[in-house]
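A short worksheet on the structure shown next.
The values are calculated or read from the model by the stated rules, or taken from the named source; none is laboratory data. The shown structure was predicted, so the numbers you read here are calculated from the model rather than taken from an experiment. For neighbour counting, all protein chains shown are included, and Cβ atoms are generated from backbone atoms with ideal geometry for every residue, glycine included. Quick note on the areas: whole protein, heavy atoms, side chains included, nothing else; ligands and nucleic acids left out. Shrake-Rupley method; radii C 1.70, N 1.55, O 1.52, S 1.80 Å.
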Amino acid sequence: MPELPEVEVVRRGLTEHVVGRVVRAVTVKHPRSVRRHEPGGADLAARLTGLRVESAQRRGKFLWLTFDEPDTSLVVHLGMSGQMLVQPADAPLEKHAHILAALDSGQELRFIDQRTFGGWQLADLVEVEGTLLPEPVAHIGRDPLDPLFDADRVVKALRAKQSEIKRLLLDQTIVSGVGNIYADEALWRAGIHGERVAAKLTRPALHGLLTEAGTVMSEALQAGGTSFDALYVNVNGQSGYFERSLNAYGREHEPCRRCGAPMVREKFMNRSSFSCPRCQPRPRT
């Protein structure tokens with residue numbers, strides 16, 4: 001699933017190629033891609049047609065467009081394999097292109113989703129702590145790259161929890177944008193095992209962990225995101241390459257780049273966690 005850096009790369013691409021353009025027509029080719037929009041695909045297409053895109057925005061891993069119609073947003077759920085590609089209108093249609101939006105630039109914004117877990121949804125904008133957010137995103141916390149991210153507030157929330165710190169890092173209501181890959185990377189950099197209980201970690205340790213999460217995602221963003229297959233691409237179809245710089249994720253049995261101990265993989269929430277047994281000792285029972 002795309003994480004914050006991948007979504008931010010897409011947002012920047014949409015800002016460059018889609019913002020300021022008028023939607024001339026919308027074609028929905030797969031009903032599952034609009035299942036979250038309860039009035040249906042015909043309603044979504046009709047309401048988008050004629051609108052001018054004003055901005056492409058993001059909070060954590062959530063992406064949306066705003067328009068010249070007040071309080072209206074298009075929430076884009078990328079799911080497991082969703083892509084937003086900007087193509088010439090006469091370019092060959094991708095096999096899994098499920099929604100097409102013709103723009104007044106002569107290009108087409110295409111939503112491509114091989115596994116059909118994602119989709120588009122029109123939603124009203126609501127004000128949350130002085131920021132306008134789509135209703136489906138209103139419960140999501142700020143991410144470490146947000147200029148208004150309040151690390152003290154997040155640390156206080158974490159220290160009130162008797163849960164494993166990695167589980168809390170993945171809780172998008174507390175701190176958004178951190179997925180499985182970057183959680184492992186941040187924990188490795190901070191020297192903390194993911195099963196440590198948050199309430200037992202010191203404030204400096206938690207502040208350091210949040211700083212590392214922001215740093216690793218900033219580095220991944222500069223590289224264009226982390227791409228393990230052709231599904232994770234920006235609006236021009238280019239893959240990221242930060243996977244070459246990963247220190248923890250996917251490195252089972254490889255030497256830790258800090259101490260040389262073999263990295264280990266453990267099961268965690270139906271996923272895999274990667275850590276160094278020496279640099280990140282497991283919590284005592």
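Taking 0.36 nm per residue of separation and subtracting the Cα-Cα distance, full extension of the segment from LEU132 to GLU266 would add 44.3 nm. Residue separation of ARG115 and ALA46 scaled by 0.36 nm, minus their Cα-Cα distance, works out to 22.3 nm of gained length.
Using the Cα gyration tensor of the range 1-144, with a ≥ b ≥ c the square roots of its eigenvalues, what is the shape: rounded (a/c below 1.5), prolate (a/b larger than b/c) or oblate (neither)?
The shape class here is rounded.
For the ranges 94-105, 263-274, what's the packing order if you count other beta-carbon atoms within 10 Å of each residue, average per peptide, and put the highest first? Before the final figure, lay out each step's value.
Details: 94-105: 18.2, 263-274: 15.8.
The packing order, highest mean first, is 94-105, 263-274.
Could you identify which residue out of PRO88, PRO147, PRO39 has the top mean-square fluctuation in a GNM of the chain using Cα springs shorter than 10 Å? Most flexible of the set in this elastic network: PRO147. With 0.36 nm allotted per residue and the present C-alpha distance subtracted, the LEU93-GLU16 stretch has 25.5 nm of extension available.
Overall, the anisotropy analysis places the range 138-210 in the rounded class: the square-rooted eigenvalues a ≥ b ≥ c of its C-alpha gyration tensor yield a/c less than 1.5.
Overall, the anisotropy analysis places the range 3-82 in the oblate class: the square-rooted eigenvalues a ≥ b ≥ c of its C-alpha gyration tensor yield a/c not less than 1.5, with a/b not exceeding b/c. Atom-type composition of the exposed protein surface of the chain places 48 percent of the accessible area on carbon and sulfur (1.4 angstrom probe). Entry comment: accessible area of the chain is 46 Å² per residue, from protein heavy atoms only and a probe of 1.4 Å. Spin-label pair ALA223-ARG282: with each label point 7 Å from Cα along the Cα-Cβ axis, the two points sit 2.9 nm from one another. Sequence-distant contacts, meaning Cα pairs under 8 Å at least 6 residues apart, place the relative contact order of the chain at 18 percent. Highest mean packing first, where packing is the average number of other Cβ atoms within 10 Å per residue, the peptides 191-198, 166-173 line up as 191-198, 166-173. Peptides 112-122, 247-257 ranked from most to least packed give 112-122, 247-257, packing being the mean of other C-beta atoms within 10 angstrom over each peptide's residues. In whole angstrom, how far apart do the alpha carbon centroids of the range 174-190 and the range 134-162 sit? After rounding, the separation between the Cα centres reads 14 Å. For the range 257-285, backbone nitrogen atoms closer than 19 Å to the point 7 Å from LYS200 Cα along Cα-to-C-beta are found at 266-269, 275-285.
Candidate membrane-span-like segments in the chain, meaning DSSP H helices with Cα atoms spread over at least 27 Å of their own axis and a Kyte-Doolittle mean of -1.0 or above, are 203-223, with no membrane implied.
The shape of the chain can be summarised by an equivalent ellipsoid whose semi-axes, obtained from the alpha carbon gyration tensor, come to 37, 21, 15 Å from longest to shortest. Measuring max minus min along each principal axis, the C-alpha atoms of the range 53-211 give extents of 57, 34, 21 Å (largest first).
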